[in-house]
Every structure is written in C-alpha cells, then in structure tokens.
1. Starting from a label point 7 Å past Cα on the Cβ side, list the distances from A:GLU41 to the same position in the other copies, nm, shortest first.
2. Could you work out how much longer the chain between B:GLU181 and B:GLN166 gets when fully extended? Use 0.36 nm per residue separation minus the Cα distance between them, nm to one decimal.
3. Between the helical axis of A:116-126 and the dominant principal axis of chain A, each derived from Cα atoms, what acute angle in degrees is found, rounded to the nearest 10?
4. Return the Rg/Rh value of segment A:33-82, two decimal places, where both radii are evaluated on C-alpha atoms and Rh is the Kirkwood radius.
5. Given the Cα atoms of the protein assembly as shown, and with Rh set as the inverse mean 1/r over their pairs in the Kirkwood sense, what is Rg to Rh to two decimals?
6. For a 19 Å ceiling on Cα separation, which of these pairs sit above it: A:LYS127/B:LYS77; A:LYS71/B:LYS83; A:LYS123/B:LYS77; A:LYS102/A:LYS164?
7. For label points placed 7 Å from Cα toward Cβ, what is the shortest-first list of nm distances from A:LYS74 to its copies?
8. Please report the residue of chain B with the smallest beta-carbon distance to the B-to-A rotation axis, and give that distance in Å, no decimals.
Number of protein chains: 2
Amino acid sequence: MGAALASAAASRGHEVVVVSGPVQVQYPDSVTVIPVVTTDEMLAAACEQFESCDGAIGAAAPCDYQPRQMKTEKISKTGDTLKLELIETADVIATLGQRKRKGQWVVGFALETEDRRFRSIVKLEQKHCDLMVSNGPEAIDSDDNHVELLVGEGEVLASLQGTKEQVAIDLLAAIENRLIEKHLIG
Amino acid sequence: MGAALASAAASRGHEVVVVSGPVQVQYPDSVTVIPVVTTDEMLAAACEQFESCDGAIGAAAPCDYQPRQMKTEKISKTGDTLKLELIETADVIATLGQRKRKGQWVVGFALETEDRRFRSIVKLEQKHCDLMVSNGPEAIDSDDNHVELLVGEGEVLASLQGTKEQVAIDLLAAIENRLIEKHLIG
C-alpha cells in the first residue's frame with residue numbers, strides 16, 4: 001500500500017518522501033526514499049521529515065515490540081525453554097499526530113482482526129489522526145485491498161475495494177478532498 | 001550454500017532432493033525441491049526422503065525455537081511488556097544422524113560465533129554426523145564463505161574459502177572422497 005500511495009500521490013503532483021523499512025517493494029523514481037531498519041529509526045526519520053511536510057500517511061507496519069536485551073553472540077540451545085521479554089516500540093503515527101501543527105494532517109492505517117471498525121475509531125482518536133484507514137490481514141502480501149476510510153465519531157467516509165493501486169488513487173482523492181482542499185481554503 | 005551444494009551435486013551426476021524452507025533462492029531445474037515452512041515440516045520431509053537417499057547434507061538454518069502458544073488474532077498493545085515463551089524445535093540433522101542405517105552418511109553445518117571449532121566438533125558428535133562444516137555469521141547473505149570441514153576427534157580435514165559455488169564444489173569432492181567412495185568400496 002505504501003508504494004501504491006507514493007505512486008498515486010506523485011502522479012497527482014505531490015512532492016513525496018517515503019520513510020521505508022527493509023521491504024521488497026519498488027518505489028517510483030520520482031519520490032525520495034529514506035531507508036530505515038528499526039522502528040526507532042522510522043520514528044526519527046518520520047519526525048524529521050514531518051517538519052517540512054503538509055501531512056503524513058502511515059501505511060507502514062513497524063514492529064510493535066522489540067527485545068529488551070540483544071545478544072551479539074549466538075545463543076546455544078540448552079534443552080530448556082527460552083523466555084523472550086519484549087518491550088513496546090514507540091508509536092510513529094501517534095507521535096506525528098501529537099506533533100502536528102495547525103494545517104498539518106495525519107492519516108493512519110489500522111490493521112485489525114477483530115472489531116475492526118470500533119478498534120480503528122479508537123486508534124483514530126488515541127493517535128490524533130484526521131482519517132483512519134481500516135483494513136484486515138487479507139491485505140498482507142496481496143495485490144488487492146478492501147478498506148474503510150473512517151473519520152471522527154465513527155463515521156464511514158468511504159468503503160474502497162480493488163487493486164492496491166486503485167485503492168491508493170481513491171484514498172488520495174479522498175485525502176485531497178477532505179484534508180488538503182479544506183486547508184487550502186481555510 | 002544449499003543451492004550451491006544442490007547445483008554442485010547435480011552437476012557431478014548425483015540425484016538431488018532439496019527440502020527447502022521459504023527462501024529467496026533459485027534451485028537448479030535438475031533437482032527435486034520439496035517446499036516446507038516450519039521446522040517440524042522440514043523434519044518430516046527430511047525423514048521421509050532420507051529413507052531412499054545415500055546421505056544427507058544439512059545446509060539449512062531451521063528455526064531453533066518456536067512459540068509455545070500461537071494466537072490467531074492480532075495481539076493489541078497494552079502498554080506492558082510481552083513475555084514470549086519459546087520452546088526448542090526438533091533437531092533435523094540430529095534426527096537423521098540417529099536414524100542413519102549402515103552405508104548412509106550425514107554431513108552437518110554448524111554456524112557459531114564463539115569457540116567455533118570446539119562447538120562444531122561437539123555438534124558433530126552429539127548429532128552423529130560423519131562430517132561437520134563449520135562456518136560463521138559472515139556466511140549469511142554473502143556470496144562467499146569460509147568453512148572448516150571437521151571429522152571426529154577434532155581433525156580438520158580441509159579449510160575451504162571462496163565463492164559459495166566454489167566451496168560447494170570442494171565440499172562435494174571431499175564428501176565423495178571421504179564418504180561415498182568409502183561406502184562403494186566397503
């Protein structure tokens with residue numbers, strides 16, 4: 001979805017910066033790609049770039065957790081179980097949502113397996129997003145997607161389905177209509 | 001290394017079956033590939049194929065651990081740490097080493113970051129291997145490899161270095177010389 005959104009935004013004349021984890025995806029030549037590996041790196045790059053952007057779309061799926069402790073040497077098997085303690089990583093989109101200045105907008109993505117619409121609305125509010133794109137695990141490694149575009153109070157602005165390219169074009173049109181034109185007028 | 005060994009063995013006239021995890025590697029058309037995902041699936045396929053094989057080379061790096069419990073739904077963040085309990089998976093090469101009949105041979109790979117030669121020799125004995133190929137983490141995602149070929153009592157049979165293709169050819173020659181010709185004569 002990230003590559004499809006970058007492509008759709010660039011073809012509509014927007015200047016696009018992609019902060020991308022190590023994915024096997026081809027981004028269009030016309031966009032600037034900032035490669036990162038960890039969620040902390042993504043947070044730092046996203047915060048830095050957001051300073052000079054009109055808005056942010058959070059289509060990446062950064063790791064929610066990271067090990068508390070890292071080993072530099074291989075751990076030998078002992079015959080016993082291994083308890084891996086994981087701590088939560090920073091929430092990139094929630095951080096941008098908190099930092100946005102007047103006129104800036106943030107669109108989040110929520111991937112849920114249960115109570116999708118409800119949980120997506122909760123995330124929209126908790127993360128101070130202007131729009132939340134709700135989708136499911138069927139989207140992973142698929143050419144197609146089926147999303148609901150949610151605004152505050154649980155209103156469903158649109159239900160979009162098709163190839164990720166088509167859904168990206170429709171999402172960009174909705175973002176322009178709802179967030180960008182409003183800001184240009186206001 | 002697995003693809004390079006399959007290719008080297010096939011080009012030397014051996015009938016090759018590759019039990020392969022989900023890797024981004026191209027195997028030669030002349031070999032039979034049995035795709036697996038989990039370590040348990042690799043164990044089952046390797047045991048079944050080993051019945052009708054003269055020997056086995058264990059170049060794969062199957063997961064050493066698996067979660068004790070699997071969730072079918074997405075786990076929501078709670079703000080707290082997450083403790084992941086991991087249990088050891090079955091050891092594929094050790095199982096083949098235990099099962100081998102008279103005339104069959106097993107070559108293992110050991111990837112170690114510390115005390116490489118000592119730990120590789122321990123693995124050779126514990127896993128009932130006829131030869132152990134000892135290498136290090138530099139081999140991962142590299143075109144080249146540097147390995148030591150170890151036999152019982154800690155004897156270093158050969159030290160091989162070069163592209164993985166060249167190391168594979170040299171390993172196959174050593175395996176033929178040490179294990180296959182011996183069995184044909186014996």
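Values quoted throughout were computed directly from the atomic coordinates according to the rules given, and no laboratory measurement underlies them. The structure presented is a predicted model; accordingly, all values stated were derived computationally and were not measured. Cβ coordinates were reconstructed from backbone atoms using ideal geometry, including for glycine residues, and neighbour counts include every protein chain displayed.
1. 3.0
2. Between B:GLU181 and B:GLN166, full extension yields an extra 3.3 nm.
3. 90
4. 1.19
5. In the protein assembly as shown, Rg relative to Rh is 1.08.
6. Long pairs (Cα-Cα over 19 Å): A:LYS102/A:LYS164.
7. When each copy's label point is compared with this one, the spacings are 3.6 nm.
8. So the chain B residue sitting closest to the axis is B:LEU84, 2.
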